[in-house]
Amino acid sequence: MLAWLETRGKEMEKNCPGEGDIQLEVSRLMLEKTLNAVLVADVQTQKFIYANSSALKLFGRSLSDILQMGVHDIHPAERINDVMCQFALIAKGEATIARDLPVCVADKKVIRMDIQAIQIMVNGRECLLGVFEDVSKLHETEKELEGTRGRYRLAIESLPMGLHMYDLEENDRMVFCGANAAADRILKLDNRQFVGKTIEEAFPSLAGSTVPQAYRRVAKEGGVWREEQINYKDDRIDGAFEVVAFQVKPGQMAAMFWDISERKKAAEAMNELTAAINAVAETVIMTDSHGVVEYVNPFFEKMTGYKSEEVIGKPIGRLKSGRHDDDFYKRLWAVLNKGETWSGFFINRRKDGALFEEEATISPILDSDGHIRHYVAVKRDMTMQRDLERRVMRSQKMAA
């Protein structure tokens, strides 16, 4: 190697006298000071004829030891055929780098290295100068990344929510590129049949909606887009999904969705029930387990003169007229606290102070553990009927 450097230096001196020594010294320093290991091997014998200080440190050998070794001595025996094939390709000029080769270094360790090599002439002999670069940490990082990607893939496949993925191609084509297992289960179909199709081709029902353009906007600009997609059949909810679309990276987006059909149907049924309760000509009151008002229907306002905001959050006792003694309420609560329904008559007081009579049925609402959480009272105005009954009784007495 030194002879080659000296030859190279003489060639430089012929072309530029006085500068050859400087160039030669710079070349020597570059080889000796570089952090990468450098070895020079004779192509014919595969023996080493030079090693820089970094190579001596890497292999834990002296220069005299290295000069007694050949290419086959620094690689595991089970990979030597592959190594020699790479060596032959570089010697023929058909390659310049051998990637990811196992190299036996100091302390009997084997590490993965890339070896970049060039053809040189040393004293008329064909040689290869190889620069060794440790890529073992890169491989460890790649393994960690692959492990992380594997965990992400597992997490995506394990999601209870469906996931659709799209690529935004040229001409604004939003192309379906994959789905997770939950998407197949929720939609009851195999989403693989849609791969490579545009969103309009894969899901024709979305073609006339705002969804495709929203997906394109998210893929381009990022951000998050949410919507509830509800399908109806015979004016009833046939299927409903909550959708959240987000950008994975520019030009790519994913849409996560889950079935909310049962929730929507329950909400629809609740709305119908609420409408029915609001329409009845009877008072409906719901309290918590301590008798604090949580809900009153519109007829309560008409009957008592109190607005809902005046009583909600307040004890129901503010309607008491004073016509019932403590024993009356004790008996009432004794029935309710046993989880049973109480029925009877109340004389209560309106906001303007007028008295009115009600026939009431009060029922406790229990949770899954059997604990009382609420009370619901349904009451019917009996003022006129009770007054009429009393008049009839007085008339009968007078007639008797």
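Worth pointing out:
- When Lys302, Lys314, Lys307, Lys330 are checked against the criterion of being closer than 18 Å to Met382 by Cα and open to solvent by 40 Å² or more (accessible area, probe 1.4 Å), a single residue qualifies: Lys302.
- Here the range 317-327 is the region considered, the condition is being assigned to a helix (DSSP H, G or I) and open to solvent by less than 90 Å² (accessible area, probe 1.4 Å), and the residue that is farthest from Val296 (Cα to Cα) is Asp327.
- For the range 257-280, the set of residues classified as open to solvent by less than 70 Å² (accessible area, probe 1.4 Å) and among the small types (Gly, Ala, Ser) consists of Ser261, Ala266, Ala267, Ala269, Ala275, Ala276, listed by residue number.
- Scanning the range 350-363 for residues that are under 21 Å from Val280 (Cα atoms) and of a type outside the set (A, V, I, L, M, F, W, C) turns up Arg350, Glu357, Glu358, Glu359, Thr361, Ser363.
- Beta carbons closer than 6 Å, at least 6 apart along the sequence or on distinct chains, pair a first residue in the range 193-211 that is farther than 9 Å from Val175 by Cβ with a second that is assigned to a loop (DSSP other than H, G, I, E, B) for Glu200/Ala207.
- Residue list for the range 281-299, restricted to those being open to solvent by 30 Å² or more (accessible area, probe 1.4 Å) and either in a strand (DSSP E or B) or within 13 Å of Ala377 (Cβ to Cβ) (or both): Glu282, Met286, Asp288, Val292, Glu294, Tyr295, Phe299
- Qualifying residue in the range 92-110 (condition: touching a helix residue (DSSP H, G or I) at 6+ places or on another chain (Cβ under 8 Å), at positive phi and among the charged types (D, E, K, R)): yes
- Verdict on Ile347 being more than 16 Å from Val293 (Cα to Cα), open to solvent by less than 60 Å² (accessible area, probe 1.4 Å) and not in a loop (DSSP other than H, G, I, E, B): yes
- Yes/no for Ala182 being farther than 30 Å from Leu35 by Cβ, under 24 Å from the mean Cα position of the chain (by Cα), surrounded by 13 or more Cβ atoms within 10 Å (Cβ to Cβ) and at pLDDT below 90: yes
- Among (1) part of a helix (DSSP H, G or I); (2) closer than 16 Å to Val244 by Cα; (3) over 24 Å from the mean Cα position of the chain (by Cα), the one test that Ser209 misses: (1)
- When each of Val195, Val218 is tested for being in contact with a strand residue (DSSP E or B) (Cβ under 8 Å, 6 or more places away or on another chain), open to solvent by less than 50 Å² (accessible area, probe 1.4 Å) and among the aliphatic types (A, V, I, L, M), the lone residue that passes is Val218.
- Among the residues of this structure, Asp107 counts as one that is open to solvent by 40 Å² or more (accessible area, probe 1.4 Å) and modelled with pLDDT under 90.
- Residues in the range 113-136 that are surrounded by fewer than 16 Cβ atoms within 10 Å (Cβ to Cβ) and β-branched (Val, Ile, Thr) were compared, and the one that is nearest to Tyr50 (Cα to Cα) is Ile120.
- Gly150 being loosely packed, with under 15 Cβ neighbours inside 10 Å, modelled with pLDDT of 90 or more and either of a type in the set (Lys, Arg) or farther than 27 Å from Glu262 by Cα (or both): no
- For the criterion of being basic (Lys, Arg), open to solvent by 70 Å² or more (accessible area, probe 1.4 Å) and either over 22 Å from Pro298 (Cβ atoms) or not in a strand (DSSP E or B) (or both), Arg380 fails.
- Yes/no for Ala254 being open to solvent by less than 60 Å² (accessible area, probe 1.4 Å), in contact with a Lys or Arg (Cβ under 9 Å, 6 or more places away or on another chain) and part of a strand (DSSP E or B): no
- Among the residues of the range 34-62, the one identified as hydrophobic (A, V, I, L, M, F, W, C) and loosely packed, with under 14 Cβ neighbours inside 10 Å is Leu35.
- In summary, Pro364 fulfils each of the numbered conditions (1) open to solvent by less than 40 Å² (accessible area, probe 1.4 Å); (2) out of contact with any helix residue (DSSP H, G or I) (no Cβ under 7 Å at 6 or more places or on another chain) with the single exception of condition (2).
- Residues satisfying the stated conditions in the range 52-76, i.e. within 14 Å of Val105 (Cα to Cα) and of a type in the set (A, V, I, L, M): Ala55, Leu56, Leu58, Ile66, Met69, Val71, Ile74
The values are calculated or read from the model by the stated rules, or taken from the named source; none is laboratory data. These numbers come from a predicted model, not from an experiment. Cβ: placed from backbone, ideal geometry, glycine included. Neighbour counts: every protein chain shown. Calculation scope for accessible area: heavy atoms of the full protein, side chains included, ligands and nucleic acids excluded. Shrake-Rupley method; radii C 1.70, N 1.55, O 1.52, S 1.80 Å.
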